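What follows is calculated from the coordinates using simple rules that are stated; it is not laboratory data. It should be emphasised that the depicted structure is a prediction, and the values quoted were computed from it without experimental measurement. Heads up, the Cβs are rebuilt from the backbone with ideal geometry, glycines too, and the neighbour counts pull from every protein chain shown.
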Amino acid sequence: MILLTLLAQTQTGPPGSAASPGGGFNLFVPLIFVLVIFYFIGIRPQARRQKEQQQLISTLKTGDRVVTSSGIHGLISNVKDSTVIVKVADNVKIEMEKSAIASVAKAAE
């Protein structure tokens, strides 16, 4: 905050002097700088993670060992359009949304 105050004071000059040309634009430079930093720290990594998750979901296949977002470990026994059937124990199968799959551990061999 102190940096912005000092920056504003250096841009305006001493009191009573005429305004410098382009003075309005100089007020937006710190705001633009903050928005660019916010984009690279917040928005871009989130978009990358979302793209990786979509790629993971699209490559699911029967036999993959998966971990769901709720922590259930299992083996995919069937893949449908928007759901998968996960075998979690003998004779126990759960139908889940593909978006509930958090990670693929490894393919069963």
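Structure data summary
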| quantity | calculated |
| --- | --- |
| Residues that are small (G, A, S) and more than 15 Å from E97 (Cβ to Cβ), drawn from region 44-69 | A47, G63 |
| The one condition in (1) touching a residue at least 24 places away in the same chain (Cβ under 8 Å); (2) exposed (fewer than 12 other Cβ atoms within 10 Å of the Cβ) that I41 fails to fulfil | (1) |
